[in-house]
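Input: a single structure, listed below in structure tokens.
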Protein chains: 2
Amino acid sequence: MKKIYSPERSTWPTVLKRPTQTVEDIEATVLRVFNEVKSEGDIAIHRYTQKFDNVSLENILVTSEEIEEAKKQVSQELKESIAAAKSNIEIFHAAQKTEKVSVETATGVLCWQEKRPIQKVGLYIPGGTAPLFSTILMLAIPANIAKCKEIVLCTPPGNEGKINPAILYAADLCGVTKICKVGGIQAIAGMTFGTNSIPQVYKIFGPGNQFVTVAKQLATKFGVAIDMPAGPSELLVVADDTANASFVASDLLSQAEHGKDSQVILVSTSKKMIDKVEKEVEEQLSVLPRKDIAMTAIENSRLIYVDNDVEALTLINEYGPEHFIVCVKNEEYYVANIENAGSVFIGNYTPESAGDYASGTNHTLPTNGYAKQYSGVNLDSFMKSMTFQKISEKGIQTIGNAIELMAEAEGLQAHKNAVTLRLESLK
Amino acid sequence: MKKIYSPERSTWPTVLKRPTQTVEDIEATVLRVFNEVKSEGDIAIHRYTQKFDNVSLENILVTSEEIEEAKKQVSQELKESIAAAKSNIEIFHAAQKTEKVSVETATGVLCWQEKRPIQKVGLYIPGGTAPLFSTILMLAIPANIAKCKEIVLCTPPGNEGKINPAILYAADLCGVTKICKVGGIQAIAGMTFGTNSIPQVYKIFGPGNQFVTVAKQLATKFGVAIDMPAGPSELLVVADDTANASFVASDLLSQAEHGKDSQVILVSTSKKMIDKVEKEVEEQLSVLPRKDIAMTAIENSRLIYVDNDVEALTLINEYGPEHFIVCVKNEEYYVANIENAGSVFIGNYTPESAGDYASGTNHTLPTNGYAKQYSGVNLDSFMKSMTFQKISEKGIQTIGNAIELMAEAEGLQAHKNAVTLRLESLK
């Protein structure tokens with residue numbers, strides 16, 4: 001682990017540098033798959049599933065029999081855990097509902113804002129070693145609260161053409177309307193253009209490898225929205241001597257096990273705490289099943305000593321962490337003044353794992369410094385806000401003259417006429 | 001104008017087709033300007049301002065003297081109109097403020113969501129014949145209500161190196177913190193990378209020509225967010241015999257004068273109304289100063305007769321208009337059931353011009369069918385939502401076991417450890 005003491009502000013860009021991703025070399029591949037799925041539909045989907053997932057599927061839609069089968073395979077205790085997490089996530093996201101905002105801005109001019117659901121959304125869940133069923137909870141639950149009509153889930157099939165039972169169980173439980181056994185670029189392309197099997201959607205959510213990431217970027221060129229741009233997951237902990245070094249180390253490691261490019265940073269005003277955490281990390285690391293991954297991430301991690309809380313907070317806001325754990329006596333200072341962070345975890349008993357699974361907050365969060373301008377996934381991610389206005393005869397008489405003058409000053413005579421005609425009809 | 005009667009659903013994609021834009025040929029130009037601005041900063045900005053705007057500026061920052069000068073040049077009555085519009089826009093956007101959402105999802109597990117301002121935003125205002133000062137109101141007013149710290153405005157200088165006084169007046173009035181005389185691709189590049197003169201921002205808002213549109217798209221590859229993807233402006237009116245054909249025609253024309261590629265559609269359950277509107281459009285068109293532009297747009301416009309309200313609404317939702325005017329007896333049906341529209345204008349005395357300037361709603365809206373998944377600009381466009389959680393000793397005991405089980409099922413042992421360590425410390 002790299003230890004850095006009181007870094008000069010001029011060095012911050014280097015100190016806070018994230019791993020760079022180069023994606024340009026795979027853009028050509030992604031574009032080719034998109035073009036083929038667009039023109040050939042399910043035939044191209046089938047071909048790429050065979051090529052990338054080594055399986056030939058007659059039917060990519062998951063059947064109700066497969067779901068029933070999956071339900072039997074998930075243990076009762078995991079079902080109960082999922083139910084507990086689901087309840088908390090539902091409570092938190094349902095609380096985010098907003099009422100219609102209605103106001104008479106001037107006499108006779110009634111304006112209101114309403115949020116209405118995005119009718120068709122697509123969720124992508126990666127395959128691979130770890131079945132990320134928790135991400136289904138994070139995406140399908142708010143989509144359901146938002147009342148999205150179609151909630152499509154794409155996830156790659158395993159070698160035998162099957163989906164992990166926990167994924168099927170969670171998808172069914174959380175109201176996914178259609179599950180497709182298709183992964184990677186071809187899944188994103190399928191949801192972008194629609195095929196006979198895969199519905200076209202308006203917005204695509206969910207994590208993925210670099211191919212999926214580039215495919216999601218490309219989808220935006222074809223009129224589909226995405227949840228947010230992606231980057232490696234990251235955690236920043238600020239800790240002083242009131243923190244528990246063992247807990248802090250466990251949090252750093254839980255981030256580090258995500259991937260070799262994961263970002264892990266400790267900021268502290270205590271050199272003693274930095275040394276203690278370093279030692280704890282070494283001890284805990286050795287027994288982890290994913291220690292190879294975690295070790296690479298930890299090697300690139302940084303322990304940064306700063307002189308005081310003000311300096312610490314300025315540096316943290318400059319970084320804009322995806323996950324931000326606050327274990328300091330003066331926690332209120334950080335909570336009140338953090339400007340850029342995806343999700344904030346406060347106190348010694350609030351590990352990042354809690355937000356990843358079950359506290360109720362969403363774990364789909366802005367990485368790569370995007371916390372400066374992007375929200376994590378929340379209820380509004382599945383809705384769009386629309387405005388309405390209804391102007392009475394009296395109302396157009398109130399604001400009509402201002403509109404005429406402004407339209408004229410902008411050289412837009414027809415805009416002015418639309419008001420003038422109405423005002424004259426009322427004379 | 002093309003008249004279409006009771007189109008079959010299979011023909012809707014053709015009937016509702018928007019003009020296609022091809023931008024690929026200008027991407028190379030945009031990328032070159034970006035690379036030069038990134039490496040040379042203000043020197044490249046200066047060079048391109050000379051090349052594209054035909055003016056050599058020693059200092060691109062607008063001075064307080066220039067603003068004072070501009071204030072003198074704007075007429076008193078235009079100032080009063082701007083003040084009236086500003087008041088309505090402020091009232092409506094201030095009403096959109098949301099409170100912190102706080103909930104105890106499980107015993108000892110407190111979660112909350114707060115919106116905090118995007119610290120640095122950039123506004124782009126095009127130059128050209130019409131000085132779009134109204135767009136400054138639409139962007140700078142909510143940015144101010146959101147409490148964004150830096151509000152940078154870029155707009156191209158005229159031949160003499162000056163900015164239209166109405167633009168300077170509106171920018172100063174609405175709290176823009178810095179005004180730069182720079183336009184086009186180089187302005188977007190400047191705000192993306194930052195130069196000695198132009199601050200780097202986190203999110204860029206505002207309209208522009210195809211070069212600006214492609215530049216904004218490219219900016220997203222360099223970590224900057226944008227308000228929304230762009231397309232030609234568009235209006236759809238639904239009208240029955242209770243509508244006023246003259247008013248409807250004036251609304252269609254006010255949209256048509258925006259540009260030759262503007263989209264104008266009338267949907268009606270009355271053939272009589274369609275004929276009346278067609279005649280009115282011809283009459284009103286002939287006297288417009290921008291009639292060449294409007295005529296081209298009108299030639300591509302469509303008057304669509306449908307058999308009933310259900311068919312009309314289905315078609316309208318399929319299109320997802322940016323502006324949607326409802327002039328029918330049964331207006332409640334359309335207002336309650338419209339799923340995809342940017343802004344809705346209800347009744348005979350609510351012209352689109354009202355929303356463009358002064359009703360209080362925002363005129364930066366999703367075009368190109370993006371109303372299906374994007375919101376128009378609103379207060380939240382200048383903020384991002386962050387989540388917080390604070391879990392007590394009791395709280396981690398409540399949800400700890402569920403987290404452990406789920407983390408284990410996902411194969412993430414370190415995630416589990418972070419909880420196990422804490423639970424054990426409490427035994």
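Find the sum over both chains of the accessible area lost when A and B are paired, probe 1.4 Å, and report it in Å² to the nearest 100.
10000
When only the heavy atoms of the protein chains count and the probe is 1.4 Å, how do A:ARG9, B:ARG422, B:ARG116, B:ARG47 rank by accessible area, highest first?
Result of the area sort, largest leading: A:ARG9, B:ARG47, B:ARG116, B:ARG422.
Indicate, rounded to the nearest 5 percent, the antiparallel portion of the DSSP beta bridges found entirely in chain B.
Roughly 30 percent of the DSSP beta bridges within chain B come out antiparallel.
Which distance in nm do the two modelled labels at B:ASN54 and B:GLU8 give, with both placed 7 Å along the Cα-to-Cβ direction?
A separation of 5.4 nm, rounded to one decimal place.
Rounded to the nearest percent, how much of the accessible area of the range B:131-234 (1.4 Å probe, protein heavy atoms only) is carbon and sulfur?
Heavy-atom surface of the range B:131-234 belonging to carbon and sulfur, 1.4 Å probe: 47 percent.
Determine the share of the range B:301-379's accessible area contributed by carbon and sulfur atoms, expressed in whole percent, with a 1.4 angstrom probe.
Answer for the range B:301-379: carbon and sulfur cover 42 percent of the accessible area.
Under a plain spin-label model, where a point goes 7 Å from the Cα along Cα-to-Cβ, how far apart in nm are A:SER425 and A:GLU80?
6.8
Cα gyration tensor of chain A, axes a ≥ b ≥ c as square roots of the eigenvalues: rounded (a/c below 1.5), prolate (a/b > b/c) or oblate?
Note, shape of chain A comes out oblate.
Pick from A:VAL109, A:VAL201, A:VAL15 the residue whose mean-square fluctuation is largest in a GNM of chain A, springs joining Cα atoms under 10 Å.
A:VAL109
A:CYS327 accessible area, nearest 10 Å², 1.4 Å probe?
For A:CYS327, the solvent-accessible surface is approximately 10 Å².
Relative to the other copies, what are the label-point distances for A:LYS427, with labels 7 Å from Cα along the C-beta vector, expressed in nm at one decimal and sorted shortest first?
8.9
Restricting to the protein assembly as shown, what percent of DSSP beta bridges are antiparallel, rounded to 5?
25
Would you work out which of A:ASN348, A:PRO126, A:ALA143 lies farthest towards the positive end of the dipole of chain A? Charges go on Cβ: Lys and Arg +1, Asp and Glu -1.
The residue sitting most towards the positive pole is A:ALA143.
Have a look at the DSSP beta bridges in the range B:231-375 and tell me what percent are antiparallel, nearest 5.
Taking every DSSP beta bridge with both residues in the range B:231-375, the antiparallel ones total about 0 percent.
What number comes out for accessible area per residue over the protein assembly as shown if the probe is 1.4 Å? Units Å², please.
Result: 37 Å² of accessible area for each residue.
Nearest 500 deg cm²/dmol is fine: what mean residue ellipticity at 222 nm does the protein assembly as shown get from its DSSP H runs of n ≥ 4 alone, each adding -39,500 (n - 2.57), divided by its residue count?
After summing the helix terms and dividing by residue count, I get -14000 deg cm²/dmol.
Please list A:HIS363, A:HIS415 from largest to smallest accessible area, probe radius 1.4 Å, with all protein chains kept in place.
Sorted descending by solvent-accessible area, the residues read A:HIS363, A:HIS415.
Just to confirm the numbers: B:LYS97, label point 7 angstrom along the Cα-Cβ line, distances to the other copies in nm, shortest first?
2.5
If you roll a 1.4 Å probe over the range B:1-125 with all protein chains in place, what percent of the accessible area is carbon or sulfur?
The C+S portion of the solvent-accessible surface of the range B:1-125 is 50 percent.
Buried by at least 20 Å² relative to the chain on its own: which residues of the range B:200-246 qualify, computing accessible area with a 1.4 Å probe on protein heavy atoms?
Buried by 20 Å² or more upon assembly, which counts only protein chains, are B:TYR202, B:LYS221, B:GLY223, B:ALA225.
If we count GluC sites (Glu not before Pro) as exposed when they sit in a DSSP loop and have at most 15 other beta carbons within 10 Å, what is the longest stretch of chain B that avoids them all?
B:161-427
Taking a ≥ b ≥ c as the square roots of the Cα gyration tensor eigenvalues, with a/c under 1.5 meaning rounded and otherwise prolate when a/b beats b/c, else oblate, which class fits the range A:227-339?
It is oblate, given that a/c is not under 1.5 and a/b is not larger than b/c.
In the neighborhood of B:GLY161, defined by Cβ-to-Cβ distances under 12 Å, what is the net charge if each Lys or Arg adds +1 and each Asp or Glu adds -1?
Summing Lys/Arg as +1 and Asp/Glu as -1 gives -2.
Could you work out how far apart the two model spin labels at A:GLU69 and B:GLU27 are, taking each label as a point 7 Å from the Cα in the direction of the beta carbon, and quote it in nm?
If labels sit at A:GLU69 and B:GLU27, their model points lie 4.2 nm apart.
Would you please classify the overall shape of the range A:1-117 from the alpha carbon gyration tensor, given that a ≥ b ≥ c denote the square roots of the eigenvalues, rounded means a/c under 1.5, and beyond that prolate means a/b larger than b/c while oblate covers the rest?
Since a/c stays below 1.5, the shape of the range A:1-117 is classed as rounded.
Once you list every other residue whose beta carbon is under 10 Å from the beta carbon of B:PRO229, what net charge do they have if Lys and Arg are +1 and Asp and Glu are -1?
Overall, the nearby charge balance is +1.
Taking B:LYS86 as the anchor, which lysines have their alpha carbon closer than 23 Å to its alpha carbon, excluding any fewer than eight residues away along the same chain?
Result set, ordered by chain and number: A:LYS100, A:LYS390, A:LYS394, A:LYS416, B:LYS71, B:LYS72, B:LYS97, B:LYS120, B:LYS147, B:LYS149, B:LYS178, B:LYS203.
Please report the spacing between the Cα centers of the range A:265-336 and the range A:1-52 in Å, no decimals.
26
For the protein assembly as shown, with only Lys/Arg (+1) and Asp/Glu (-1) charged at the beta-carbon, what is the dipole magnitude about the Cα centre, in debye rounded to 20?
Dipole size: approximately 100 debye.
If you put a point 7 Å past Cα along the Cβ direction, how far is that point for A:GLN73 from the same point in each other copy, in nm, smallest first?
Between copies, matching label points for A:GLN73 lie 7.3 nm apart.
Gap in Å between the Cα centre of the range B:142-172 and the Cα centre of the range A:203-218?
When both Cα centres are located, 36 Å separates them.
Enter the mean number of other protein chain beta carbons within 10 Å of the beta carbon of each residue in B:332-344, as an integer.
Other-chain Cβ atoms within 10 Å of each residue's Cβ, averaged: 3.
Indicate the residues belonging to the range A:252-267 that lose 20 Å² or more of solvent-accessible heavy-atom surface (probe 1.4 Å) upon moving from the chain alone to the assembly of all protein chains, ignoring ligands and nucleic acids.
A:SER254, A:GLU257, A:HIS258
The values are calculated or read from the model by the stated rules, or taken from the named source; none is laboratory data. Not measured: the values here are computed from a predicted model. Cβ coordinates were reconstructed from backbone atoms using ideal geometry, including for glycine residues, and neighbour counts include every protein chain displayed. Ligands, DNA and RNA are excluded from the accessible area calculation, which covers all protein heavy atoms including side chains. Shrake-Rupley method; radii C 1.70, N 1.55, O 1.52, S 1.80 Å.
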